[in-house]
Amino acid sequence: MFEKIAPFHLAILIYMIQSGVTFFKLPRMLAVNFGTNGWLMVVIVSFIVMINLLLISLVIRFRVGENVFEIMEGLISVKWMAPFYLLLALTWSLLSILVGKDFISITQVLSFQNTNSTSLFVILMVLVFYLGMKDIYTISKATNIFFILTIGIFFLIIYHIPYTSLERLTPFIFKEGKNTIEGIVQLYTAFLGFEIVLFLFPYVDQSKPKWFRSVYYGHFLTTVVYSVTCFVSYLFFSLNQLKITSYPVLNLIAYIEIELIERIETFVFNLFLIKILVTLVLYLWASSLLLERVIPALSRKQSVAILIITSMLITLNVDVMSEIADWLLVVGFVAAALAIGLPIILLIVIGIRTYRGDHRA
Amino acid sequence: MIRRKPKKLIKKLKELNDQQQSEPSLDLSLYEQVVNELEGCSDSEDVFFPEHHVHFVFFNHLVDTDRFKAEILDPFYHVHKEELDSLLNRSFYKPVTELKKIIEGVLDGQVAIFNQERVFLVNVAGPEKRNIQPSETETTITGPHEGFIESGETNLSMIRRRVKTSRLKVNKLPVGEVTKTNAYLLYIKGIANEELVSELTDRIERIEIDAVYDAHMLSQLIEDQPNSLFPQFIARERPDSIAAGLVEGKIIILLEGSPAVIIAPSSFFDFFETGDDYYQRWLTGTATRLLRFGAFIITIAFTALYVSVTSYHYEMIPESLLTTLAVSRGKVPFDPIYEALLMEITIEFLREAGARLPTKVGQTIGIVGGIVIGQAAVQAGITSNVLIIVVAISAIASFVVPSYIMSASIRLARFGLILLAGLLGNLGIVIGLTIIVIHLSSLTSVGAPYLAPLSPFFPSDWKDFLLRAPYKMMKSRPTISRSPKKRKLKE
């Protein structure tokens, strides 16, 4: 009875996987790449992501098999699919580890200037392993609580309304931007995470026929949080301020002062560990499914441990912020390509199988 | 780790055991076998009436002497030989043929009557028990005051008097290889989930242990994750709470000799509810509940936050407060983490000493603790005034949590958070909270999610969660009960 992810929880899960550490950099990234009124681009890219989601929904609607593996292996045997699975697993686990490194590097700058970042990273990985070895229902249950603990941060934005000014928006749209294409790719990667639903759907309570709408709701929530925060940032800071501030959202939060407490950004940023954790764990969870498909003898604990250790070894020397950013850009680009490509490949496979007359499972 | 016997093996062992016990030896009469079995029990009595060839075997201290005299001894004194058969045919003289049942009956406070080859058990049990009194661990202000006692039968009668329906079923299950303590599994047929009933029955039957002395001990033997810090079944000591549990479709486990009664399945948030919530006005009940959840957050995180802020994040303190804190901490030679641990451990000493000592001495401990720790420690410069306030508020908040068992678990978890805060500041607190959330999310109570109705989100149960909604709105039973009759009232 309880062992299914309800659509409501799926929406939360999607929002929590999507939103991550990029949230803090987003207004700056928009200002640099798109210039004036860059916040509008969030809505535009969100619409492109919706099209991507539509592709995924088509895969799920016309699927021939219980899960992605069955769809693929109906055409090509697991033996031939293994390298592709491993590549996918490696990309996602690398993305996961790099997002973790990115978070830790900011944490180090903010609070632990004298602490070795590796030790902080290892602590984060222990947490990732602890949640990652649980089953998907437990991960979903924990995510709900994490959502409740973190969603309040968004409402802190209300505090800034009296300090905003519409004049700062300027009447120009997308002027003074540096690189629109790179900006779109970066913004697209900020929305990534929704593609995990391709692996999640067998675990979702599908008793309600329109359950997939919850994926759109989750994505809509991410869009609202991103666009409102960026909009307020554009109202609060000038364009040039946004361009030179590393983490504008953190500066926004730092501005909040109440009688009992000040500089709450130090706590709020740490609270983001929880959101990062969900992103990391879900990518690793999907990667572990892929790895276990290739080597069925592996248990969940073993596969998660192997993925973490392998990715950590590959990115061992990547610890400077700029290096992490470069790696993230490349791996993020590959992950974005996969998010678009994977459903297209699956749709082609489904098309071929339907043409050949395979029965729907 | 508790080992549980495999189901099939238990069944086979039981059958074998029953066969052995029920087949009387060819050489010895039942009376002789009983006497042999009770050999060495100097507290057992064997009264013989030579004129009727009748033996009474019993434990004097387990029977009610007056009833024994009136219902057994006197009739046998006055009966004629030819009337003996009609006397033994009385309905409360239960004929038995199995050695095992005779022994169990005698140990239960019944009198075994042996007349040639016939054996009867007469229930004149009257063990000493304390009177029904208000529960000390689960006190109430507005509701009924009576609490359970150590007698299983009295506790059963208190529940039956409140739930007057023939659908209230009771399964009796002996626990403990040596003690054979009776556990009673209660549920309302048609409201409780039968699968849960059989799952719990199964778990109790599979317990492999010599003795069980208390319901809290039993609950650890049948929990889903016995190694967890957090209790997965709530135990209550008041019949009104138990009656409410039964009506909600929960299953109740009562143990002979224990005033605590288990309710299964339980959610984490059940540990924050009391009878008073339901007897007060709904708004007051809701406010009190919110207060308790606030207390929970303070208990678990307040001291840790102090340690974190004073060790790593001074910038979080407003300027007006900073001076006070700096003056207060100026004299203290220790790091905040040591200072906080020192005070927290002292508070735990005080609590433990107060709990074990007689009430009058306990008060002295309170005064000594209050003055010596509170005033002298600050004056001596060992600790700061602000920390004393923080620790005191945390301690008071921990006692706002109504369940002592849960409160103790939360207090222990708090120490982990303090250590992490001392090590990593705010990040440490977040890491600690994350570990707690992940652990709580992975817990289940007879398969029901422990954090329900918050996660998974069961909106219909929110009327009795953070809120205590008006009774007109509370029309459904909790989802975790998995009751076949989800809606209340409609038969």
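Miscellaneous remarks
- The residues on offer are B:GLY447, B:GLY425, and the sole one that is within 22 Å of B:SER219 (Cα to Cα), in contact (Cβ under 8 Å) with a residue 60 or more places away in the chain and within 14 Å of another protein chain (Cβ to nearest Cβ) is B:GLY447.
- Note on segment B:265-305: residues that are surrounded by fewer than 20 Cβ atoms within 10 Å (Cβ to Cβ) and outside any helix (DSSP H, G or I) amount to 2.
- Test: residue in segment B:391-403 that is within 14 Å of chain A (Cβ to nearest Cβ), open to solvent by less than 30 Å² (accessible area, probe 1.4 Å) and in a helix (DSSP H, G or I): no
- Out of B:VAL400, B:VAL368, B:VAL361, sole residue that is assigned by TED's automatic domain parsing to the domain that holds B:ALA304 and closer than 22 Å to B:ILE418 by Cα: B:VAL400
- Taken over segment B:437-485, the criterion of being crowded, with 16+ Cβ neighbours inside 10 Å and among the charged types (D, E, K, R) is satisfied by B:ASP461, B:LYS463, B:ASP464, B:ARG468, B:ARG477, B:ARG482, B:LYS485.
- Residue selected from segment B:215-264 under the condition farther than 19 Å from B:ALA448 by Cα and assigned to a loop (DSSP other than H, G, I, E, B), by the criterion nearest to the chain's Cα centre (by Cα): B:ALA260
- Looking across segment A:123-140, the residues that are open to solvent by less than 30 Å² (accessible area, probe 1.4 Å) and at the interface with chain B (Cβ under 9 Å from one of its Cβ atoms) come down to A:LEU124, A:LEU127, A:LEU131, A:THR138, A:ILE139, A:SER140.
- If the condition is being under 25 Å from the mean Cα position of the chain (by Cα), closer than 23 Å to A:SER140 by Cβ and either among the charged types (D, E, K, R) or not in a loop (DSSP other than H, G, I, E, B) (or both), then segment B:445-491 contributes B:SER445, B:ALA448, B:PRO449, B:ASP461, B:THR479, B:ILE480, B:SER481, B:ARG482.
- Count of residues meeting criterion [at pLDDT 90 or above, under 24 Å from A:SER140 (Cβ atoms) and part of a helix (DSSP H, G or I)] in segment A:1-45: 12
- Note on segment B:404-435: residues that are farther than 18 Å from B:SER394 by Cα and of a type in the set (A, V, I, L, M, F, W, C) amount to 6.
- Residue match in segment B:40-49 (condition: in a helix (DSSP H, G or I), over 21 Å from B:SER29 (Cα atoms) and touching a residue at least 12 places away in the same chain (Cβ under 8 Å)): no
- Selected residue (criterion: farthest from the other protein chains (Cβ to nearest Cβ)) from residues of segment B:319-328 that are open to solvent by 20 Å² or more (accessible area, probe 1.4 Å) and of a type in the set (A, V, I, L, M, F, W, C): B:VAL327
- Against the numbered list (1) in contact (Cβ under 8 Å) with a residue 60 or more places away in the chain; (2) surrounded by fewer than 19 Cβ atoms within 10 Å (Cβ to Cβ); (3) closer than 15 Å to B:ALA301 by Cα, B:ARG411 comes up short only at (2).
- When segment A:241-289 is limited to residues that are in contact with a Pro (Cβ under 6 Å, 6 or more places away or on another chain) and touching a residue at least 12 places away in the same chain (Cβ under 8 Å), the one that is nearest to the other protein chains (Cβ to nearest Cβ) turns out to be A:PRO248.
- Exactly one residue out of A:ILE5, A:ILE17 is touching an Asp or Glu at 6+ places or on another chain (Cβ under 8 Å), crowded, with 22+ Cβ neighbours inside 10 Å and within 29 Å of B:THR444 (Cα to Cα): that is A:ILE5.
- Out of A:TRP80, A:TRP92, one residue alone is touching a helix residue (DSSP H, G or I) at 6+ places or on another chain (Cβ under 7 Å) and more than 14 Å from chain B (Cβ to nearest Cβ). It is A:TRP92.
- Just one of the listed residues (B:SER86, B:SER157, B:SER135) is outside the structural domain of B:PRO239 (by TED's automatic domain parsing) and within 29 Å of B:PHE272 (Cα to Cα), namely B:SER135.
- Filter result for the condition that a residue is of a type outside the set (Ser, Thr, Tyr), within 20 Å of B:ILE263 (Cα to Cα) and more than 14 Å from chain A (Cβ to nearest Cβ), over B:LYS488, B:LYS475: B:LYS488
- In segment B:132-150, the count of residues that are open to solvent by 80 Å² or more (accessible area, probe 1.4 Å) and over 21 Å from B:GLY275 (Cα atoms) is zero.
- Just one of the numbered conditions (1) buried (at least 17 other Cβ atoms within 10 Å of the Cβ); (2) touching a residue at least 40 places away in the same chain (Cβ under 8 Å) is not true of B:MET316: (2).
- Restricting attention to segment B:428-444, the residues that are more than 8 Å from every other protein chain (Cβ to nearest Cβ) and within 13 Å of A:LEU271 (Cα to Cα) total 2.
- Which listed residue is assigned by TED's automatic domain parsing to the domain that holds B:ILE373 and of a type in the set (Gly, Ala, Ser), from B:SER483, B:SER460, B:SER476, B:SER394: B:SER394
- Taken as a whole, the condition of being at the interface with another protein chain (Cβ under 10 Å from one of its Cβ atoms) and either among the β-branched types (Val, Ile, Thr) or open to solvent by 20 Å² or more (accessible area, probe 1.4 Å) (or both) does not apply to A:THR118.
- Restricting segment A:143-161 to residues that are within 17 Å of the chain's Cα centre (by Cα) and within 12 Å of chain B (Cβ to nearest Cβ), the residue that is most open to solvent (accessible area, probe 1.4 Å): A:PHE147
- Selection count where residues are within 21 Å of B:ALA215 (Cβ to Cβ), assigned to a loop (DSSP other than H, G, I, E, B) and open to solvent by less than 20 Å² (accessible area, probe 1.4 Å), scope segment B:179-195: 1
The values are calculated or read from the model by the stated rules, or taken from the named source; none is laboratory data. As the structure is a prediction and not an experimental result, all values here were calculated from the model. Cβ: placed from backbone, ideal geometry, glycine included. Neighbour counts: every protein chain shown. All accessible areas refer to the heavy atoms of the entire protein, side chains included, with ligands and DNA or RNA removed. Shrake-Rupley method; radii C 1.70, N 1.55, O 1.52, S 1.80 Å.
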